[in-house]
Amino acid sequence: CPTPMTLMLHSSFGVARMQELADQIERSNLVTMTYRSTLEVLLDGHCPPQSAIIMSPGDLGSHWLRNDFAEMISVFTDRGLVLVAGLIVHGPQDPEIWDYLRELDNSGVEIASHTIDHYNLPQLTDAAIQRQVVGSYKTICEHLGKCPVTMILPFGNLDSEGTILEIASAYTFIVGIHDGRTFSGKPPW
């Protein structure tokens, strides 16, 4: 099966551009999916539709929630479109934010791991990678009430030795950018 088209977004993408994107998705008759729903289709013995697209805004936090992230997500959810929210679980966990995340999950939005601290994983020791990857997984399992199937790599970076993939074996999908990227300058990147 071909991988559905995927677009990873940052909060700097903004609400207005998110509305334009949602309009274009609807005009193009694309079907929004999540990695979790893609997994369900695959396990059912089918391929995702060729018109499938996965949208994933990243850098949501479980101890802080920027209004622009919530507004960007609601642009999609208000239209019945779904997406994958990359969650950073650093810091004390805010019960109100977890209530919001559970609501999103119930509406079809997938809550994916984006690690604990959003560090560039290939630059860390194996023990530090373990803490980032497994710690995030466990935190999401505990607070969401279900475990994530997807980890979105910070900066899209995966190590060439396969350490991250080995440590992240609890996840079904590890999402990154081929060869990773380092961004500089002013957003949007």
Review point. Within segment 66-80, is there a residue that is touching a residue at least 12 places away in the same chain (Cβ under 8 Å) and within 20 Å of Val149 (Cα to Cα)?
Key: yes
**Study point:** Every residue from segment 1-22 that is within 15 Å of Leu83 (Cα to Cα), open to solvent by 40 Å² or more (accessible area, probe 1.4 Å) and not in a helix (DSSP H, G or I)
**Key:** Met5, Thr6, Leu7, Met8, His10
Point to revise | Residue check, Asp78 acidic (Asp, Glu), within 30 Å of Pro2 (Cα to Cα), under 14 Å from the mean Cα position of the chain (by Cα) and at pLDDT 95 or above | key: no
Exercise for review: Would you please name the residue that is farthest from Ser37 (Cα to Cα), looking only at residues in segment 109-135 that are of a type in the set (Val, Ile, Thr) and crowded, with 16+ Cβ neighbours inside 10 Å?
Suggested key: Ile129
Practice item. Could you pull out the residue among Ser56, Ser113 that is in contact (Cβ under 8 Å) with a residue 60 or more places away in the chain, on the phi < 0 side of the Ramachandran plot and in contact with a strand residue (DSSP E or B) (Cβ under 7 Å, 6 or more places away or on another chain)? Key: Ser56
Point to revise | Lone qualifier among Ile97, Ile73, Ile25 - being under 14 Å from the mean Cα position of the chain (by Cα), crowded, with 17+ Cβ neighbours inside 10 Å, in a helix (DSSP H, G or I) and not polar (S, T, N, Q) | key: Ile73
Check your understanding: part of a loop (DSSP other than H, G, I, E, B) and closer than 24 Å to Gly176 by Cβ: does that describe Ile116?
Key -> yes
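The values are calculated or read from the model by the stated rules, or taken from the named source; none is laboratory data. Model, not experiment: these values are computed from the prediction. Ideal geometry is used to build each Cβ from the backbone, glycine not excepted, and the neighbour counts take in all protein chains shown. Protein only, heavy atoms only, side chains kept; ligands, DNA and RNA dropped before computing areas. Shrake-Rupley method; radii C 1.70, N 1.55, O 1.52, S 1.80 Å.
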